[in-house]
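The values are calculated or read from the model by the stated rules, or taken from the named source; none is laboratory data. These numbers were taken from a predicted model, which means no experiment stands behind them. Don't worry about glycine lacking a Cβ; one is built from the backbone with ideal geometry, like all the others, and counts go over all protein chains shown. The protein model used for the area step is the full one, side chains on, heavy atoms only, and it has no ligands, DNA or RNA in it. Shrake-Rupley method; radii C 1.70, N 1.55, O 1.52, S 1.80 Å.
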Amino acid sequence: MKQNTVYNCSVIELPKIHNRAGNITPLQSNIEAPFDIKRIYYLYDVPGGEGRGGHAHKELQQFLVAASGSFDVIIDDGRTKRTIHLCRPYIALHIVPGIWRDLTNFSSGSICLVLASLNYDEKDYIRDYTKFSLLKNE
Ligand code: TYD
């Protein structure tokens with residue numbers, strides 16, 4: 001977690017199965033997502049323009065997809081920040097452990113689908129940016 005940088009996070013184009021009745025994008029453990037998917041959750045009813053996140057994880061890996069609408073993800077390794085605009089249901093952002101993330105600029109009605117490598121565990125969170133920054137730069 002300490003060594004990971006924003007450059008270990010990647011934007012991945014997912015398969016899109018297209019026909020006249022619409023599209024399907026599959027997400028499978030260790031195929032499209034490069035880890036075992038243990039948990040799925042989604043953020044919705046986020047008021048337009050609002051933000052979420054504001055934490056890092058010690059072990060958790062995640063895949064974030066704008067299943068509907070759009071939002072920005074600011075990833076930060078304690079030295080470098082990158083902003084990724086997610087706005088397509090066939091594009092995923094892979095966030096490795098040890099990266100601070102802020103989610104901002106949700107469009108109204110948007111859905112942020114999250115595939116996670118671990119079950120929910122509050123002990124895996126780092127919610128204090130000063131503590132995060134010290135850990136990353138020690
Ligand atoms: P948090 O991960 O901080 O949300 P976000 O990053 O979207 O702002 O979680 C917010 C609250 O929801 C926190 O009290 C923990 C709870 N929660 C669960 O109980 N299970 C989960 O799988 C998740 C993601 C959050």
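Heavy-atom accessible area per residue, the chain, 1.4 Å probe: how many Å²?
Normalised by residue count, the accessible surface of the chain is 56 Å².
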*Compute the relative contact order of the chain as a whole-number percentage, counting only Cα pairs closer than 8 Å that sit 6 or more residues apart in sequence.*
35
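Share of antiparallel DSSP beta bridges in the stretch 6-136, in percent to the nearest 5?
Values: 38 of 39 bridges.
The antiparallel fraction comes to roughly 95 percent.
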*asked:* Please give me the summed charge of the neighbours of residue 121: other residues whose Cβ is under 14 Å from its Cβ, Lys and Arg +1, Asp and Glu -1.
replied: +2
_Enclosed volume per residue, in Å³, of the convex hull spanned by Cα atoms of the chain_ = 104
*asked:* What lysines does residue 123 reach when the alpha-carbon gap must be under 18 Å and sequence neighbours fewer than 8 apart in one chain are set aside?
replied: 2, 38, 58, 131, 136
*Mind checking the dipole of the chain: about its Cα centre, +1 per Lys or Arg Cβ, -1 per Asp or Glu Cβ, Debye to the nearest 20?*
180
*Round to a whole number: what % of the accessible area of the chain belongs to carbon and sulfur, probe 1.4 Å?*
49
